[in-house]
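What follows is a single structure, written as structure tokens, with notes after it.
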Amino acid sequence: MAKGGTTIDAAVQALCLAWPDTDVKRSHGAPTFRVRGRTFANLAINHHGDGRVALWLAAPPGAQQHWTEREPDQYFVPPYVGPRGWLGVHLDRGLDWRQIVERVREAYLQVAPPRLAAQLGPSPEIAAPDLGIDPALFDPLDTPRAREVLGKVRAFCLALPEAREARQFGAPCWQAGRRTFCVAHRYHGRMALQMRVGAEHQTQLTLDERFHIPDYVGHNGWISLDVEDGFWPEEVEQLILVSYAHFALKRMLKALPDGLRARLPGEPR
């Protein structure tokens, strides 16, 4: 990237934090902007693989319908918060920066306490971005290290009977039939693999600081292994095999090569 330029994400952060009593909190790796603890904007970059560089903004009543009908190439109904009237704004399609500033102002006013909103002065003067998005921010798995690890994981997973690759919430995953047994993702610059090992093995594995019990699926016996700094094929393959064995049908397990079948049910190691 050019020296001295301002990326879209940096300009948006400066803009959203320029209003009184605002702060930023990261949720699932994405910046969430708040005024006195209430969210008024989310920066969503390639959210779940949707390909968008966008802001999701709290919007006044009727604004969502107005803008999505008037300028459908620039505005959209965002997921999750769309039913509450929020507005999605594309940041990389040439929309005038002054319009983006105005939409953010409206979002702030929609959420800010009345006394704070009443005291709001002119909109802050934040320079428009002159650079795009870092490719690694758009797709955290698009780095040499991540591609190397993905190549090894993909080769092993797809060699298992009736395994296929899919995407789950924008992340690559591998499935036995249609049941996911391995997921790869990268948050905050750390790449990790998730597999199901069973609740009986989770505690033992977390004695190693590379492992942790992930949110949402941890209660179902899943484990997350940090592979950013090191990747040991035999260890990863065994964890994947244990997970695959839990979800695979009997005919799939019978079709395993003798060497792999001999490691079933397989203790994670």
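Given (1) closer than 25 Å to residue 135 by Cβ; (2) aromatic (Phe, Trp, Tyr); (3) crowded, with 16+ Cβ neighbours inside 10 Å, identify the lone condition not met by residue 97.
(3)
Would you mind stating whether residue 50 is within 22 Å of the chain's Cα centre (by Cα) and farther than 29 Å from residue 168 by Cα? Before the answer, list the steps.
Values: within 22 Å of the chain's Cα centre (by Cα): yes; farther than 29 Å from residue 168 by Cα: no.
For residue 50, the condition - within 22 Å of the chain's Cα centre (by Cα) and farther than 29 Å from residue 168 by Cα - is not met.
Checking the structure you have, find out if any residue of segment 143-162 is among the charged types (D, E, K, R), open to solvent by 30 Å² or more (accessible area, probe 1.4 Å) and in contact with a strand residue (DSSP E or B) (Cβ under 6 Å, 6 or more places away or on another chain).
So the first thing to find is which residues in segment 143-162 are among the charged types (D, E, K, R), and the list is 145, 147-148, 152, 154, 162.
This time we only want the ones that are open to solvent by 30 Å² or more (accessible area, probe 1.4 Å), so: 145, 147-148, 152, 154, 162.
Still in the list and also in contact with a strand residue (DSSP E or B) (Cβ under 6 Å, 6 or more places away or on another chain): none.
Checked segment 143-162: no residue is among the charged types (D, E, K, R), open to solvent by 30 Å² or more (accessible area, probe 1.4 Å) and in contact with a strand residue (DSSP E or B) (Cβ under 6 Å, 6 or more places away or on another chain).
Only residues in segment 201-215 that are within 17 Å of residue 190 (Cβ to Cβ) count as the first member; pair them with residues that are open to solvent by 20 Å² or more (accessible area, probe 1.4 Å) and of a type in the set (Asp, Glu), Cβ under 7 angstrom, at least 6 apart or cross-chain, and list the lot.
Close Cβ pairs (under 7 Å, with a partner that is open to solvent by 20 Å² or more (accessible area, probe 1.4 Å) and of a type in the set (Asp, Glu)) amount to 210/226.
Quick one: count up the residues across segment 89-145 that are of a type in the set (Gly, Ala, Ser), more than 26 Å from the chain's Cα centre (by Cα) and not in a loop (DSSP other than H, G, I, E, B).
From segment 89-145, those of a type in the set (Gly, Ala, Ser) are 94, 107, 112, 117-118, 121, 123, 127-128, 132, 136; that's our starting set.
Next, from what is left, pick out any that are more than 26 Å from the chain's Cα centre (by Cα): 112, 117-118, 121, 123, 127.
Subsequent filtering for residues that are not in a loop (DSSP other than H, G, I, E, B) retains 117-118.
Summing the residues that are of a type in the set (Gly, Ala, Ser), more than 26 Å from the chain's Cα centre (by Cα) and not in a loop (DSSP other than H, G, I, E, B) in segment 89-145 gives 2.
Tally up the residues in segment 175-215 that are farther than 23 Å from residue 138 by Cβ, buried (at least 21 other Cβ atoms within 10 Å of the Cβ) and touching a Pro at 6+ places or on another chain (Cβ under 7 Å), please.
1
Take residue 232 and tell me if it is open to solvent by 20 Å² or more (accessible area, probe 1.4 Å), among the aromatic types (Phe, Trp, Tyr) and at pLDDT 95 or above. It would help to see each step written out before you state the result.
Working: open to solvent by 20 Å² or more (accessible area, probe 1.4 Å): yes; among the aromatic types (Phe, Trp, Tyr): yes; at pLDDT 95 or above: no.
Considered against the rule, which asks whether it is open to solvent by 20 Å² or more (accessible area, probe 1.4 Å), among the aromatic types (Phe, Trp, Tyr) and at pLDDT 95 or above, residue 232 comes out as no.
If we scan segment 123-133, do we find a residue that is acidic (Asp, Glu), in contact with a Ser or Thr (Cβ under 7 Å, 6 or more places away or on another chain) and within 26 Å of residue 9 (Cβ to Cβ)?
Checked segment 123-133: at least one residue is acidic (Asp, Glu), in contact with a Ser or Thr (Cβ under 7 Å, 6 or more places away or on another chain) and within 26 Å of residue 9 (Cβ to Cβ).
Taking the conditions exactly as written (within 18 Å of residue 133 (Cα to Cα), open to solvent by 10 Å² or more (accessible area, probe 1.4 Å) and modelled with pLDDT of 95 or more), does residue 32 satisfy them or not?
Working: within 18 Å of residue 133 (Cα to Cα): yes; open to solvent by 10 Å² or more (accessible area, probe 1.4 Å): yes; modelled with pLDDT of 95 or more: yes.
So residue 32 fits the description; yes.
Looking at segment 101-110 only, could you name the residues that are over 10 Å from residue 35 (Cβ atoms) and either surrounded by fewer than 12 Cβ atoms within 10 Å (Cβ to Cβ) or of a type in the set (A, V, I, L, M, F, W, C) (or both)?
Those that are over 10 Å from residue 35 (Cβ atoms) and either surrounded by fewer than 12 Cβ atoms within 10 Å (Cβ to Cβ) or of a type in the set (A, V, I, L, M, F, W, C) (or both): 101, 104.
Within segment 43-74, can you find the residues that are closer than 30 Å to residue 166 by Cα, in a loop (DSSP other than H, G, I, E, B) and either of a type in the set (Val, Ile, Thr) or in contact (Cβ under 8 Å) with a residue 40 or more places away in the chain (or both)?
Scanning segment 43-74 gives 46, 50.
Please find, among 79, 20, 113, 83, the residue that is open to solvent by 30 Å² or more (accessible area, probe 1.4 Å), free of Cβ contacts under 8 Å to residues at least 60 places away in the same chain and farther than 19 Å from residue 170 by Cβ.
Working: 79 fails: farther than 19 Å from residue 170 by Cβ; 20 fails: free of Cβ contacts under 8 Å to residues at least 60 places away in the same chain; 113 fails: free of Cβ contacts under 8 Å to residues at least 60 places away in the same chain.
After applying the criteria, what remains is 83.
The values are calculated or read from the model by the stated rules, or taken from the named source; none is laboratory data. The model shown is predicted, which means the values in this text are computed figures rather than measured ones. Every residue, glycine as well, gets a Cβ built from its backbone with ideal geometry; the counts of neighbours run over all protein chains shown. Note: accessible area is taken over every heavy atom of the protein model, side chains too, but ligands, DNA and RNA are not part of it. Shrake-Rupley method; radii C 1.70, N 1.55, O 1.52, S 1.80 Å.
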